[in-house]
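Heads up: the structure comes next, in structure tokens.
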Amino acid sequence: KAMRRYEREVTDPAKIGEIIAACACCRLGLADAGEVYIVPMNFGYEERDGKRYFYFHSAHEGRKIELLRRGGRVGFELDTGYRLIAGESACGYTAAYQSVIGTGSVVFLDDRKDKRHALQRLMLHTAGRGDFDFSPEALDRTAVFRLEVETLSCKAHR
């Protein structure tokens, strides 16, 4: 589907990566029996072999985990750089922002090596360091999942 404000569309992969790197929160949108459930989450990110991946961690139980385990597509949203730009009248106001939205599917990671990699990507994004190690016990008590991006669009307005 074409973006309505096509002049705000960002298509450069490097710029999209920069915008994602600047975001502190990824919101997941999940379907729940006709309702929408949106969850803000810390995340890690990686581009590998021409594909984009987001990594998340959680407890092993709860509404989010139940919905994710049912499968299906997941929506996601990230945004950064919001700044209100004043106008002469209410309709003249606008905002600067950068945002990324898309869809994908979730894969739960069970292998400790895969979980470790995902959590290292998460720590690299959130703490600026990806060289942490995790005990086998910590890996076992943590649910870790990867969102494999299927569609993605990016907008920026300065």
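At a glance:
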item: Matching residues, the range 96-126, being within 28 Å of residue 155 (Cβ to Cβ) and among the aliphatic types (A, V, I, L, M); result: 96, 100, 101, 106, 107, 118, 122, 124
item: Scope the range 38-56; condition touching an Asp or Glu at 6+ places or on another chain (Cβ under 8 Å) and either among the charged types (D, E, K, R) or at pLDDT below 95 (or both); matching residues; result: 51, 52
item: Residue within the range 147-154 that is within 17 Å of residue 8 (Cα to Cα) and exposed (fewer than 12 other Cβ atoms within 10 Å of the Cβ) present; result: no
item: Qualifying positions in the range 66-93 - surrounded by fewer than 16 Cβ atoms within 10 Å (Cβ to Cβ) and of a type in the set (A, V, I, L, M, F, W, C); result: 84, 85, 86, 90, 91
item: First in the range 116-128 and farther than 16 Å from residue 143 by Cβ, second anywhere and open to solvent by 50 Å² or more (accessible area, probe 1.4 Å) and of a type in the set (Lys, Arg), Cβ under 8 Å, 6 or more apart; result: 123/129
item: Conditions (1) in a helix (DSSP H, G or I); (2) in contact (Cβ under 8 Å) with a residue 40 or more places away in the chain; number of the one not met by residue 17; result: (2)
item: Residues of the range 124-145 classified as within 27 Å of residue 13 (Cβ to Cβ) and open to solvent by 50 Å² or more (accessible area, probe 1.4 Å), total; result: 6
item: The range 50-64: number of residues that are exposed (fewer than 15 other Cβ atoms within 10 Å of the Cβ) and within 15 Å of residue 146 (Cα to Cα); result: 3
item: Residue count for the range 31-45, restricted to those that are farther than 22 Å from residue 115 by Cβ and assigned to a strand (DSSP E or B); result: 6
item: Every pair of residues 6+ apart whose Cβ atoms lie under 6 Å, when the first sits in the range 42-62 and is under 18 Å from residue 26 (Cα atoms) while the second is assigned to a loop (DSSP other than H, G, I, E, B); result: 54/43; 56/43; 57/142
item: Residue 109, sole failed condition from (1) open to solvent by less than 30 Å² (accessible area, probe 1.4 Å); (2) touching an Asp or Glu at 6+ places or on another chain (Cβ under 8 Å); result: (2)
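The values are calculated or read from the model by the stated rules, or taken from the named source; none is laboratory data. What you are looking at is a predicted structure, and each value in this text was computed from that prediction instead of being measured. Cβ: placed from backbone, ideal geometry, glycine included. Neighbour counts: every protein chain shown. We work out accessible area using only protein heavy atoms, side chains counted, and drop any ligands, DNA or RNA first. Shrake-Rupley method; radii C 1.70, N 1.55, O 1.52, S 1.80 Å.
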